[in-house]
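Undergrad: I have a structure here, written as C-alpha cells, and I will follow up with some questions on it.
Here, each number is a calculation from the coordinates, and none is a lab measurement. Note that the coordinates shown come from a computational prediction; the quantities given were computed from them, not determined experimentally. Every residue, glycine among them, receives a Cβ derived from its backbone with ideal geometry; neighbour counts consider all protein chains shown.
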Amino acid sequence: MKVHKAAKHGIDVVWFSCDQDNCDYKAKSANNLKQHKQHVHNIDVVWHQCELCDCRAKTAGSLKSHKQFIPNIDVVWHQCEECDHKAKHAGDLKQYKQNIHGVRYQFDS
C-alpha cells in the first residue's frame, strides 16, 4: 500500500536516485531505478541473444520484435487470395483485405 500511495498519489514518496555519474534520474521505486540502470547504463542487463543472427536485445519483447523483421524459414506466410500480398499474421492479412480489397466479415460492424 505504501508503494501504491507513493507511486499513484505522491504521498510519502521515497525517491531512489541513480548513482551513475552525470545522471539526475530519480524513481519512486527500487524496481524502476533498476530498470533505468539496465536500459540507460547497461548495468545488470540480461541480454537476449537472437538464434538467427548476432543481434542481442535487452528485453524479450525487443528480441521478438527484431525477429519479425528478419528473413527466416520459420515464418508461415498468409497469402492474400486477391493479390500477391503476404502477411506474417492472419490478423494483419484480414486487416489488409478489409482496407485494400473492401472485404467485409460477418462480425464486422
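Undergrad: Have a look at HIS41, HIS66, HIS89 and tell me which one the Gaussian network model of the chain (Cα, springs below 10 Å) gives the largest fluctuation.
TA: Highest fluctuation among the options: HIS89.
Undergrad: How much length is gained on full extension from SER29 to HIS9, taking 0.36 nm per residue of separation minus their Cα-Cα distance?
TA: Values: separation 20, 0.36 × 20 = 7.20 nm, distance 1.34 nm.
Taking 0.36 nm per residue and subtracting the Cα distance, the gain is 5.9 nm.
Undergrad: Same structure again: At 7 Å along Cα-to-Cβ for each site, give me the label-to-label distance between ASP54 and TRP77 in nm.
TA: For ASP54 paired with TRP77, the spin-label model returns 2.8 nm.
Undergrad: Here's something else I'd like to know. State which entries of LYS34/LYS64; LYS58/LYS97; LYS37/LYS88 exceed 30 angstrom in Cα-Cα distance in the structure shown. It would help to have the intermediate numbers written out before the result.
TA: Working: LYS34/LYS64 22 Å; LYS58/LYS97 35 Å; LYS37/LYS88 34 Å.
Checking Cα-Cα distances, LYS58/LYS97; LYS37/LYS88 exceed 30 Å.
Undergrad: Work out from phi, with θ = phi - 60° and the Karplus expression 6.51 cos²θ - 1.76 cosθ + 1.60, the ³J(HN,Hα) of each residue of region 78-94, listed in order in whole Hz, and give x for Gly and Pro.
TA: Those phi angles translate into 9, 8, 6, 6, 8, 7, 8, 5, 10, 9, 6, 10, 4, x, 5, 5, 4 Hz.
Undergrad: Still on this model: Using only DSSP helix segments of four residues or longer, with each worth -39500 (n - 2.57), what per-residue ellipticity at 222 nm results for the chain after dividing by its residue count and rounding to 500? Working shown, then result.
TA: Working: 4 runs with 41 residues, N = 109.
It lands at -11000 deg cm²/dmol.
Undergrad: Now, a different point. Relative to the Cα centre, what is the charge dipole magnitude of the chain, using +1 at the beta carbon of each Lys and Arg, -1 at the beta carbon of each Asp and Glu, and rounding to the nearest 20 debye? Please list the in-between numbers first.
TA: Details: 16 positive and 13 negative charges, 103 e Å.
In debye, rounded to 20, the chain gives about 500.
Undergrad: Quick one: compute a quarter of the convex hull surface over the Cα atoms of region 2-41 and quote it in nm².
TA: 2.8
Undergrad: If I compute Rg/Rh (Cα atoms, Kirkwood Rh) from the structure I just sent, which labelled value in (i) 1.03; (ii) 0.97; (iii) 1.21 lines up?
TA: The listed entry that was calculated here is (iii).
Undergrad: Still on this structure, I have one more. Quick one: if the Förster radius is 30 Å, what FRET efficiency do TRP47 and ASP92 give, using the C-beta to C-beta distance and rounding to 0.05? Don't jump to the answer; show the numbers that get you there.
TA: Values: r = 29 Å, r/R0 = 0.97.
The formula returns an efficiency of 0.55 here.
Undergrad: In addition: Can you sort ASP84, ASP12 from fewest to most other Cβ atoms within 10 Å of each residue's own Cβ?
TA: Values: ASP84 6, ASP12 9.
So the residues, fewest neighbours to most, are ASP84, ASP12.
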